[in-house]
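A short worksheet on the structure shown next.
The values are calculated or read from the model by the stated rules, or taken from the named source; none is laboratory data. Remember, predicted model here, so these are calculated numbers, not experimental data. Positions of Cβ are backbone-derived with ideal geometry, glycine not excepted, and every protein chain shown enters the neighbour counts.
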Amino acid sequence: MKIAGSYTVPFPPERAYEMMQDPDVLARSIPGCESLEKIGENEYRMKMKMVLASLSGAFEGKVRLADQKPPSSFRMVVEGSGKIGFVKGDGLLTLTPKDGGTEVAYDGDAQVGGTMAAVGQRLIDATAKMMIKRFFENLRSVEVSSR
Amino acid sequence: MATTITKPETLVGKRIRRREDPRLITGTATYVDDIKMPGMHYATIVRSPHAAARIRSINTKKAAAHKGVIAVFTGKDTQKVGPVPCGASLPGLRVPHHHILAMDRVYFAGHPVAVVVATDRYVAADAADLIEVDWDVLPAVADPEKALAKGAPAVHPEWPDNVAFNYHQEGGNVEKAFSEADVVVKQRITSQRLIPTAMETRGVVADWRPADRQLNLYSSTQIPHLMRTLVAQMLGLEENRLRVVAPEVGGGFGSKLNVYAEEALMGFVAMKIQQPVKWIESRRENFLCTIHGRGHVDHYEVAAKRDGTILGIKLHIIQDLGAYHQLLTPAIPTLSVLMMPGLYKTQNVRADIVGVFTNCVPTDAYRGAGRPEATHGIERMVDVLAAELKMDPAEIRLKNFVTKEQFPFPTATGLTYDSGDYAAPLKKALDIVDYQNLRNEQAQARKQGKLMGIGMSTYGEICAFGPSPATPAGGWESATVKIDPTGKVTVMTGASPHGQGEETTFAQIAADELGVNIDDILVLHGDTAVVQYGIGTFGSRSTAVGGTAVYFALQDLKAKIKKFGAMLLGSDDVSFSGGQVICNKTGKSKSIQEIAAASYRAMKLPPNTEPGLISTHFWEPPNFTFPFGAHIVVTDVDRDTGAVAVRRYVAVDDCGNILNPLIVDGQIHGGVAQGLGQALWEQAVYDDNGQLVTGELMDYAVPKAHMMPRIESDHTTTPTSVNPLGVKGVGEAGTIGCSPAVVNSVVDALAPLGVKHLDMPMTPETIWKLIARSKS
Amino acid sequence: MIPQAFDYTAPKSLDEALGLLAKGAKPLAGGMSLIPMMKLRLAAPDHLVDLRRLKDLNYIREQGAAVHIGATATHYDVENSAVVRGKCPLLAETAAHIGDVQVRNMGTIGGSIAHNDPSADYPAALQALEAKVVLKGAKSERTVSVADFFVDTFTTALEPGEIIREVIVPVEDSGTGTSYQKVAQPASGFAIVGIAVRVRKSGGKIGMARIGVTGLANRSYRAAAAEKALEGKAGSATEIQNAASLVAERVDVNSDLHASADYRRHLAVVYAARALMAALARSA
Ligand SMILES: Cc1cc2nc3c(=O)[nH]c(=O)nc-3n(C[C@H](O)[C@H](O)[C@H](O)COP(=O)(O)OP(=O)(O)OC[C@H]3O[C@@H](n4cnc5c(N)ncnc54)[C@H](O)[C@@H]3O)c2cc1C
């Protein structure tokens, strides 16, 4: 499934870029992330718990950053699997200055498998969008609280 | 002087209510899941979430240690069990070894990898969650055309081209036909993957009696006897030590015409744990792991003369087989080839099939099995041709039909059509819809910019499977009829009805033949310990083949009854009628009850006659039967949304003699529902990674009662000479006739916009896009 | 299709229920959404508190200028209630579109809006009706407008420990015309698009128009631009078409197997026009 969109954060690209490379910031921004542990250069092991209405599930997986071109773009690969299925997202994030802030455009592919894929068809798109939105909202509040 | 005996009312041909229904509608029938046994254990199967992956390791420790779990088995434990059988043989067919549990690799999402056995099903489900599999996920391919492309992932590494077989058949002289043609029309036509969705999912109970070396297997199946033969082989058990029972079966539609891994697996488990074990398939498993139907991409070419005469047909089929061959997987598309000429005279055909492996659950027989695809193809092509030649679709059909005088008619594909009058149902259907007026109405509607369509299909099908040399497992059917000393009658049939109503129709046949009350007759089936042997219920065969076996068993029995009657009446000049043997001279008579009692008491026996009244007949049919009919569908397409509304559905079917019109109507209605499902709503969708995204009823759209149009059902009657009952079979007709009529109707509605073809399901969005495109 | 083990309590009073919920238990109403998720093990609550036996939550009554609907009123109750049919017919019409008979017999209004499926039917009507939701916790009670209640996909203003006590719907003025028009997804019956409309005319002009939309986006919403475009208009076919074309303005439209974003957007426009026509025809 293709996923593309954009979100604007109220701080400049350099700041946004730097934050999104920082595992502590990622840990606090990825929705449901419980821990992020470095296992290699730009690669982290992640534990997360997804809670969405009645749905809840624990996932274990990885976050990997690649193709870094500061401060304008990088790729983020997120993989997780748990009892209710697995997810894999691979996307290019492009940062451009916009009115003193940064427009972060994302464009990528998401794969969902297992029970989640089979029963959540009509919800995957809406849910993915919400998760991404939450990520940027969290990023924004992390930035605000760090000021 | 002969006394006149009033002939009792005959039952065959009457609208008799189904005798099996009271138990079904009062919820007192016994399905597999209703079976309870002391010491019953429950199994949950752990399945692959991935479509293609290597299994690095499986850790079962936590599951095995879970309280209430008594055993966990993986592929290593079950590797000595024989493979899931493929009953079809084609030259050069590649058959992957289909272990009942995956060994070191999985080939489709849902592939079984382990089984957890516990004291209750909740514990088993909890423990299944504790099994850890270390997967090495591999690229998968879920689309047959993509699987054929260069560089596609190999489903089975040993066959990198993903081709399981190539099949070629031809008749007549196709090249000549095409070279002489005025016009050649071509079209790519798909028949999407469908999920059979029987109301009852599959289920198995296995009960091992070690002291008797006896395994009792209860399975929701259409073929208990074949299953017994095959599962016994898989388990290495003597066949006579295995009893298979098909209890009440809540629908199959072909999906239970199979032997699955789970049947042998439960047998294996029961023998290991020495306790009974039950496995009930969830709906989700049913969608993932029970066979799917269809899965065709067809390329058609039809050559014709300018006057509409069809000269020849070329067909190239790409069949999506899935990851394995289930019982009949590779054979299904060959049925499409057999029926590719439809009802038309043409003697020049050529067909090629390429059977393709994909990382999906196998396809196999689903209501119609190969014939809906064939009918859809030829009936679409005839419309495409009619449009090209600007001919009326009814006219072009009437022009090309095999005519009444030509039967028995040898087809270019090697069949002999038994009997028919193909114009009759079409003409009747045209009358019912008032065709000419309808076309006038359509012309008016078009002037107002409305999208109204009239579509028809004239189908022919092959059923009553079938002469043994032409079938994978023998095509006869058996019957035993037994009259008890008190005169009550039991019919044991090798057919295995699961909704088709043979407990009623076979009782009607027996009641008429013996002249007894229908309530004195019991029809038994589906238990290998009760029924001699049998083939089962599928391919619209049970009445035409199984019913005929009953008929012949009854003839033998009647002869014996007459002998006993003659002896008791002391006369050779007797006749049998109305449940009595009557002396033609004196008018004296003996009832069946009296004769039955005497035959078992055996104080005296007629010459060369054994005591008792029991007769068994195995009937081998000399040919298939070929029912036919015409369906006409009127649709209205919403210009704004692309939504299709079916305004009228007229079905005129000819299934030979009708034993029970109520049951025939039911079969037509159900069949049409499934045909409409394919035409408008249903599709099994796998994503590029082999995930089944229509994995639940929330996304897989089976038709519901409120989505069905009223079906105006009528018949013509052309008896077959293949069997003495003159019956042909009707179980699949509705489905086979339906989908092309609906698609032809919608294409007709959209014709003013330049639309020439639509693939199924014809979703509103697809149609809306076509409408939008025609505007721009 | 076997859920994980869980505790179950059918409390005798609302206070007892709220006490358990405060400790982390999860409310169970009709179970039409929750139980399937549990059976698939997508949800695994430890403790369920059954609200359906609480008389305090099961009522439909007219009070002042509003109809109060207790959280456990079933879709069937709402569809068939004389009060709802008479005083806010839009809601009864909408309830009749939900699922099938079995689902309507079991499912509740509280459960539906708490679940906040982006394709559920009620939210469209409740948006158009400018309804309010009363939320009750162990210690406090608050009333929020539906506009604030429906936050995002499956996300509402409910705080942990809180339940929906009731939904308050204003009594409709007699001259108001209403209509709910839905494109049902053929498998689940949920709305691909659902449009709820209320219109009132005075002196031949549309004085009030409310349009609630479901199925289209991450949550239900009111199509304000379309509403505005109608005000003061006579309601000609062109005016309706113009207004309808605004229902999906600036909306990030969902797409799935059953309808792409483009098609959904198009359906929303077509169905908004249809709902407006039907509502205008019913208005005095
Ligand atoms: C086959 C099928 C078809 C359907 N079709 C449609 C359709 O066409 N349109 C549509 O709108 N819906 C449809 N539904 C959903 C249906 O309307 C559900 O009834 C509804 O969404 C949930 O209501 P419930 O009472 O069953 O809640 P439950 O399933 O019991 O609960 C749902 C959620 O709400 C919470 N909850 C319940 N009550 C309260 C409360 N008072 N306060 C706080 N939280 C609460 C629960 O904890 C749970 O998280 C369908 C459902 C099914 C099974």
* Structure fact -> In the stretch B:115-134, anything buried (at least 20 other Cβ atoms within 10 Å of the Cβ) and closer than 27 Å to residue B:362 by Cβ is listed as B:115, B:116, B:117, B:124, B:125, B:128, B:131, B:133
* Sort out which residues of the stretch B:505-535 are in contact (Cβ under 8 Å) with a residue 60 or more places away in the chain and part of a helix (DSSP H, G or I), and write them in order of number. => B:505, B:507, B:508, B:509, B:511, B:512, B:514, B:518
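Yes/no per residue for (1) touching a residue at least 12 places away in the same chain (Cβ under 8 Å); (2) of a type in the set (Val, Ile, Thr); (3) buried (at least 17 other Cβ atoms within 10 Å of the Cβ):
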position: B:140; (1), (2), (3): yes, no, yes
position: B:147; (1), (2), (3): yes, no, yes
position: B:151; (1), (2), (3): no, no, no
position: B:159; (1), (2), (3): yes, no, no
position: B:162; (1), (2), (3): yes, no, yes
position: B:171; (1), (2), (3): yes, no, yes
position: B:175; (1), (2), (3): no, no, no
* Any residue in the stretch C:21-37 that's facing chain A (nearest Cβ under 8 Å): show its pairings with residues that are within 6 Å of the ligand (Cβ to nearest atom) and hydroxyl-bearing (Ser, Thr, Tyr) at Cβ separation under 6 Å, as long as the two are six or more apart or on different chains. => C:34/A:54; C:37/A:54
* Evaluate the following for residue C:100: is it within 8 Å of the ligand (Cβ to nearest atom), modelled with pLDDT under 95 and surrounded by fewer than 18 Cβ atoms within 10 Å (Cβ to Cβ)? => yes
* **Qualifying residue in the stretch B:268-283 (condition: buried (at least 23 other Cβ atoms within 10 Å of the Cβ) and closer than 19 Å to residue B:540 by Cβ)** => no
* To do: Among residues belonging to the stretch C:111-139 that are more than 14 Å from every other protein chain (Cβ to nearest Cβ) and in a helix (DSSP H, G or I), point out the one that is farthest from the ligand (Cβ to nearest atom).
  => C:128
* To do: Can you give me the ranges of the helices (runs of 4 or more DSSP H) entirely in the stretch B:232-346 with at least 3 residues that are within 14 Å of another protein chain (Cβ to nearest Cβ) and within 25 Å of the chain's Cα centre (by Cα)?
  => B:283-289
* Residue within the stretch C:258-271 that is away from chain B (no Cβ under 14 Å) and either modelled with pLDDT of 95 or more or under 24 Å from residue C:147 (Cα atoms) (or both) present -> no
* Tally of residues being touching a strand residue (DSSP E or B) at 6+ places or on another chain (Cβ under 8 Å) and either at the interface with another protein chain (Cβ under 10 Å from one of its Cβ atoms) or not in a helix (DSSP H, G or I) (or both) across the stretch B:761-775 -> 3
* Structure fact -> Turns out the strands (runs of 3 or more DSSP E) fully within the stretch B:565-639 with at least 3 residues that are surrounded by fewer than 20 Cβ atoms within 10 Å (Cβ to Cβ) and modelled with pLDDT of 95 or more are B:613-619
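Rundown of residues vs (1) farther than 29 Å from residue B:661 by Cα; (2) modelled with pLDDT under 95; (3) polar (S, T, N, Q); (4) in a helix (DSSP H, G or I), yes/no style:
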| site | (1), (2), (3), (4) |
| --- | --- |
| B:713 | no, no, yes, no |
| B:721 | no, no, yes, no |
| B:743 | no, no, no, yes |
| B:746 | yes, no, no, yes |
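Anything in the stretch C:38-61 that is more than 14 Å from chain A (Cβ to nearest Cβ) and either in contact (Cβ under 8 Å) with a residue 12 or more places away in the chain or of a type in the set (Phe, Trp, Tyr) (or both)? List them, or say none. Before the answer, list the steps.
Applying the first criterion (more than 14 Å from chain A (Cβ to nearest Cβ)) to the stretch C:38-61 yields C:50-61.
The answer is C:50, C:51, C:52, C:53, C:54, C:56, C:57, C:58, C:59, C:60, C:61.
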* Could you check residue C:2 against (1) part of a loop (DSSP other than H, G, I, E, B); (2) within 11 Å of the ligand (Cβ to nearest atom); (3) β-branched (Val, Ile, Thr) and say which number it fails? => (2)
* Asked: What strands (runs of 3 or more DSSP E), lying completely within the stretch A:1-69, carry at least 2 residues that are over 29 Å from residue C:151 (Cα atoms)?
  -> A:33-40, A:43-52, A:55-69
* Could you please find all residues in the stretch B:668-686 being within 11 Å of chain C (Cβ to nearest Cβ), of a type outside the set (A, V, I, L, M) and not in a helix (DSSP H, G or I)? => B:682, B:683
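Check whether at least one residue in the stretch C:61-68 is at negative phi, buried (at least 21 other Cβ atoms within 10 Å of the Cβ) and not assigned by TED's automatic domain parsing to the domain that holds residue C:12, and report yes or no.
First pass over the stretch C:61-68, keeping only residues at negative phi: C:61-63, C:65-68.
Still in the running and buried (at least 21 other Cβ atoms within 10 Å of the Cβ): C:67.
Subsequent filtering for residues that are not assigned by TED's automatic domain parsing to the domain that holds residue C:12 retains C:67.
Looking through the stretch C:61-68, at least one residue is at negative phi, buried (at least 21 other Cβ atoms within 10 Å of the Cβ) and not assigned by TED's automatic domain parsing to the domain that holds residue C:12.
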* Asked: Considering C:232, C:212, C:194, which residue is outside the structural domain of residue C:88 (by TED's automatic domain parsing) and surrounded by fewer than 20 Cβ atoms within 10 Å (Cβ to Cβ)?
  -> C:232
* To do: Given the conditions (1) buried (at least 22 other Cβ atoms within 10 Å of the Cβ); (2) more than 9 Å from the ligand (Cβ to nearest atom); (3) part of a helix (DSSP H, G or I); (4) among the β-branched types (Val, Ile, Thr), report the number of the one that residue C:94 does not fulfil.
  => (2)
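Scan the stretch B:118-139 for residues that are touching a helix residue (DSSP H, G or I) at 6+ places or on another chain (Cβ under 6 Å) and either closer than 9 Å to residue B:44 by Cβ or part of a helix (DSSP H, G or I) (or both) and jot them down. Don't jump to the end; show me each part of the working.
Quick first cut of the stretch B:118-139, residues touching a helix residue (DSSP H, G or I) at 6+ places or on another chain (Cβ under 6 Å) only: B:118, B:127, B:130-131.
Selection gives B:118, B:127.
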* Structure fact -> When (1) within 16 Å of the ligand (Cβ to nearest atom); (2) in contact (Cβ under 8 Å) with a residue 40 or more places away in the chain are applied to residue B:706, the one that fails is (2)
* To do: Could you pull out every one of the strands (runs of 3 or more DSSP E) wholly within the stretch B:168-220 that has 2 or more residues that are outside the structural domain of residue B:285 (by TED's automatic domain parsing) and more than 22 Å from the chain's Cα centre (by Cα)?
  => B:183-191
* Asked: Of all residues in the stretch B:688-704, which are charged (D, E, K, R), within 28 Å of residue B:155 (Cβ to Cβ) and more than 7 Å from every other protein chain (Cβ to nearest Cβ)?
  -> B:688
* To do: Residues that are of a type in the set (S, T, N, Q) and either within 14 Å of chain A (Cβ to nearest Cβ) or more than 12 Å from the ligand (Cβ to nearest atom) (or both): find the strands (runs of 3 or more DSSP E) completely inside the stretch C:149-239 holding 1 or more of those.
  => C:177-184, C:191-202, C:205-214
* To do: Given the conditions (1) at pLDDT 95 or above; (2) surrounded by 19 or more Cβ atoms within 10 Å (Cβ to Cβ), report the number of the one that residue B:487 does not fulfil.
  => (2)
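For the stretch B:382-401, what are the residues that are part of a helix (DSSP H, G or I) and either touching a Ser or Thr at 6+ places or on another chain (Cβ under 8 Å) or over 14 Å from residue B:430 (Cβ atoms) (or both)?
If we filter the stretch B:382-401 for residues that are part of a helix (DSSP H, G or I), which is where we start, we get B:382-389, B:393-400.
Result: B:382, B:383, B:384, B:385, B:386, B:387, B:388, B:389, B:397, B:399, B:400.
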